[in-house]
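Novice: Would you mind keeping the following structure in view while I ask a few things?
Derivation of every value follows stated rules applied to the coordinates shown; laboratory data play no part. Quantities reported herein were computed from a predicted structural model and do not represent experimental measurements. Cβ atoms come from the backbone with ideal geometry, glycine included; neighbour counts cover every protein chain shown.
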Amino acid sequence: MIGMNALLEIYDKLYRAFGPQHWWPGDTPFEVAIGAILTQNTSWSNVEKAIQNLKRQRVLSSKALHEMPVGKLADLVRPAGYFNIKAQRLKSFIGFLIKAYGGSMKKMKKEEMHTIREKLLGIKGIGPETADSILLYALEKPSFVIDAYTKRVLSRHRILEDGRNYNEFQELFHMSLKRDVPLYNQYHALLVKLGKTYCRKHKEKCAECPLKTFIHEQV
């Protein structure tokens with residue numbers, strides 16, 4: 001398994017190449033959580049349109065969305081795609097938030113990380129990536145987010161095979177790096193930036209990649 005020094009080297013190279021990413025965008029923890037659910041299987045630009053719809057209607061709160069008919073919610077989040085499914089998932093999350101924490105993200109944040117994670121994974125439509133996005137970006141808990149970009153980058157650089165499961169990829173970061181929210185936040189965002197810019201699924205740009213020297217050193 002790759003060691004801590006190598007993972008930090010990757011981080012340093014990406015940070016020097018891209019700088020701070022200021023991710024996840026959102027005015028409140030609740031907005032970040034909503035965005036984490038809406039971004040499933042779509043681009044962030046589409047999520048922004050959906051969130052703007054909610055803001056224009058002044059309904060971006062747990063109480064307002066809980067009281068809203070699911071059909072109206074689906075119409076408002078239509079730009080994010082799969083709008084009927086996502087409206088149901090939002091309703092499930094908000095129902096949980098109200099029942100368990102009185103609709104308060106602050107109260108949710110006070111609970112122990114692993115307990116919250118298990119509860120989030122029990123909500124229909126919320127998998128590990130979405131749960132960890134909410135934990136890291138909305139609740140500031142040190143749970144590293146694993147997505148398709150992270151798996152692609154690490155597998156192409158011979159760090160961990162793409163066929164490994166979510167927990168194995170996450171454990172790599174948890175075991176190799178200190179549990180630090182700002183580090184996890186920035187690292188994940190930098191991997192996403194790399195995946196979108198150079199380490200694409202198709203037509204990758206290896207010759208221009210900030211990690212091209214890292215490939216040479218590891219092979």
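Novice: When every alpha-carbon pair in the chain is counted, what percent end up more than 21 Å apart?
Specialist: It works out to 55 percent of all Cα pairs.
Novice: Can you pick out the pairs among K13/K49; K178/K212; K178/K203; K55/K205 whose Cα atoms lie more than 27 Å from each other?
Specialist: K13/K49; K178/K203; K55/K205
Novice: Which of the peptides 131-137, 111-117 is most tightly packed, and how do the rest follow, going by the mean number of other Cβ atoms within 10 Å of each residue?
Specialist: 131-137, 111-117
Novice: List, in order, the whole-Hz ³J(HN,Hα) value for each residue of the range 47-63 obtained from phi through the Karplus relation with A = 6.51, B = -1.76, C = 1.60 and θ = phi - 60°; use x for Gly and Pro.
Specialist: Values per residue, Gly and Pro as x: 5, 4, 5, 5, 5, 4, 4, 5, 5, 4, 7, 6, 10, 7, 8, 4, 5 Hz.
Novice: Report the per residue volume, in Å³, of the convex hull enclosing the C-alpha atoms of the range 29-138.
Specialist: Considering the Cα atoms of the range 29-138, their hull volume per residue is 85 Å³.
Novice: Moving on to the next point. Pop a pseudo-label 7 angstrom from the Cα along the beta-carbon direction at both K119 and A6 and give the gap in nm to one decimal.
Specialist: For K119 paired with A6, the spin-label model returns 3.8 nm.
Novice: How much mean residue ellipticity at 222 nm does the chain get from its helices, if each DSSP H run of length 4 or more adds -39500 (n - 2.57) and you divide by all residues, to the nearest 500 deg cm²/dmol?
Specialist: The helix-only estimate for the chain comes to -18000 deg cm²/dmol at 222 nm.
Novice: Separation of the range 2-77 and the range 86-104 by C-alpha centroid, Å?
Specialist: 16
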